[in-house]
Amino acid sequence: MTRDPSLPKPKLFQIVIKGKIEAKGPEYVIKELQLVADDYDLQESIENLTDGFYKVETITTNEIEIGYSAYCQDVFVEGIRVIQS
């Protein structure tokens, strides 16, 4: 099966968010691996992850270069198609 070039390839990012949930609370850290379609999808993921924070101190993203199985590609592409329809 040939990949449709109009659809994005999945990218895997490590996202680390440090901040506080409450004003006087301890520092809280979220470490997440997120499969994203594009930069907009990455920004949406970060917004969702920081939603409950009182104060976000740092956000670090790091793209992890790995290959994907044909099954992962198929599932990802099918999800994009469902969202677009």
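The values are calculated or read from the model by the stated rules, or taken from the named source; none is laboratory data. All of these numbers come straight from a predicted model, not from anything done at the bench. With ideal geometry, Cβ positions are generated from the backbone for all residues, glycine too; neighbour counts draw on all protein chains shown.
For every residue, the table says whether it meets (1) among the aromatic types (F, W, Y); (2) in a strand (DSSP E or B); (3) over 19 Å from E78 (Cα atoms).
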| position | (1), (2), (3) |
| --- | --- |
| L7 | no, no, no |
| L12 | no, yes, no |
| E22 | no, no, yes |
| I30 | no, yes, yes |
| Q34 | no, yes, no |
| E44 | no, no, yes |
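Among the residues of region 46-83, which ones are assigned to a helix (DSSP H, G or I) and without any contact (Cβ under 8 Å) to a residue 24 or more places away in the chain?
E47, N48, Y71, V75, E78, G79, V82, I83
May I ask you to verify whether V56 is surrounded by fewer than 11 Cβ atoms within 10 Å (Cβ to Cβ) and modelled with pLDDT of 85 or more? Break it down into steps so the answer makes sense when it comes.
On the way: surrounded by fewer than 11 Cβ atoms within 10 Å (Cβ to Cβ): no; modelled with pLDDT of 85 or more: yes.
Judged against the criteria, V56 is not a match.
Counting just the residues of region 24-51 that are among the small types (G, A, S) and at pLDDT below 90, which one comes out surrounded by the fewest Cβ atoms within 10 Å (Cβ to Cβ)?
The qualifying residue surrounded by the fewest Cβ atoms within 10 Å (Cβ to Cβ) is G25.
Determine the pairs where a residue that is small (G, A, S), located within region 25-37, has a partner that is in a strand (DSSP E or B) with Cβ atoms under 8 Å apart, the partner being 6 or more residues away or on another chain.
Going by the 8 Å Cβ cut-off, the qualifying pairs are A37/K11.
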